[in-house]
Amino acid sequence: LCWFVPLLFAVLTRPLVYNGWRHFYFVYAGVALLGAHGIGAAWVFCKNRSGAWRKALSAAMCACFLFSAMGISQNHPYQYGYYNILARTNAESDMELDYWDVSTVNAMQRLLFAERDETLPLTLGARDDMSWFGVEHGYAVLNAQSRGRLTVAYEADAPYLFLNTTYARIYGVAPPEGYRELFTVESYGNTLCAVYEADRPQDEAPLQAQ
């Protein structure tokens, strides 16, 4: 009841909720206890039967842990973008993936060593406020050598553009025309962010975002 009733209330009454799960963290304790109870009940059930039942349950639990561990290791350091199999199919279009712009620093570091058009100045911009927020703050934590090679500017037509998938959807920012997708950062098959490279000539001046 300590988790089902609050969630049922939210589903039925549709209250104003900020940042999704932030207002429902307290239900996790009940979910964890229910899971522990289920495992305990399954173990008691198997304990009263042959050893094969206990071995099968142990193998199934190990398989679950192994599956989660493999997912974490394969998607590190972006394992925070996890959604279960029921929600994963539409996560990129319906869910928050990188709310805190965590992948931005890694994308900027990757840009420094990416195969790119060397005639373009290495200037990274953005077309929405929150993608730019990630670029601006990510740039501040780069080491001095990286900052010396990379320039950031809030320009809508910079030679390179950073796009956070979640905020691009919220702000209605489409993939930029006249650019090609240089690379993406993904987690569990969903794109957290992308960096685009301009197709324009080198001497074409960028336009300052308004």
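The values are calculated or read from the model by the stated rules, or taken from the named source; none is laboratory data. Given the structure is predicted, the values throughout are model-derived calculations rather than measurements. A quick note on method: Cβ atoms are made from the backbone with ideal geometry, for glycine too, and the neighbour counts reach across all protein chains shown. Please note that ligands, DNA and RNA were not included when accessible areas were found on the heavy atoms of the full protein model with its side chains. Shrake-Rupley method; radii C 1.70, N 1.55, O 1.52, S 1.80 Å.
Some notes on this structure:
- Condition check for LEU16: under 30 Å from TYR167 (Cβ atoms), open to solvent by 90 Å² or more (accessible area, probe 1.4 Å) and out of contact with any helix residue (DSSP H, G or I) (no Cβ under 7 Å at 6 or more places or on another chain): yes
- Here the stretch 153-175 is the region considered, the condition is being assigned to a strand (DSSP E or B) and in contact (Cβ under 8 Å) with a residue 40 or more places away in the chain, and the residue that is nearest to LEU192 (Cα to Cα) is ASN164.
- For HIS23, the conditions (1) out of contact with any helix residue (DSSP H, G or I) (no Cβ under 8 Å at 6 or more places or on another chain); (2) open to solvent by 80 Å² or more (accessible area, probe 1.4 Å); (3) of a type outside the set (Gly, Ala, Ser); (4) more than 30 Å from VAL135 (Cα to Cα) are fulfilled apart from (4).
- Any hit, the stretch 158-173, residues being at pLDDT below 95, of a type outside the set (S, T, N, Q), open to solvent by 40 Å² or more (accessible area, probe 1.4 Å) and on the phi > 0 side of the Ramachandran plot: yes
- Positions within the stretch 96-110 being surrounded by fewer than 16 Cβ atoms within 10 Å (Cβ to Cβ) and modelled with pLDDT under 95, in sequence order: TYR99, TRP100
- Residue match in the stretch 80-94 (condition: among the acidic types (Asp, Glu), in contact with a Phe, Trp or Tyr (Cβ under 6 Å, 6 or more places away or on another chain) and crowded, with 16+ Cβ neighbours inside 10 Å): no
- Selection of first residues in the stretch 111-135 that are farther than 15 Å from LEU182 by Cβ and open to solvent by 10 Å² or more (accessible area, probe 1.4 Å) and of second residues that are of a type in the set (Ser, Thr, Tyr) and assigned to a loop (DSSP other than H, G, I, E, B), restricted to Cβ pairs under 6 Å at least 6 apart or on distinct chains, gives the following pairs, ordered by first then second residue: TRP132/TYR154.
- Residues satisfying the stated conditions in the stretch 174-191, i.e. open to solvent by 40 Å² or more (accessible area, probe 1.4 Å) and either touching a Phe, Trp or Tyr at 6+ places or on another chain (Cβ under 7 Å) or within 21 Å of ASN106 (Cβ to Cβ) (or both): PRO175, ARG180, GLU181, GLU186, TYR188, GLY189
- Total residues in the stretch 82-121, condition farther than 17 Å from PHE162 by Cβ, among the small types (Gly, Ala, Ser) and part of a helix (DSSP H, G or I): 2
- Tally of residues being closer than 11 Å to THR104 by Cα and among the aliphatic types (A, V, I, L, M) across the stretch 131-140: 1
- Checked against (1) β-branched (Val, Ile, Thr); (2) within 30 Å of SER131 (Cα to Cα); (3) loosely packed, with under 10 Cβ neighbours inside 10 Å, ILE72 passes all but condition (3).
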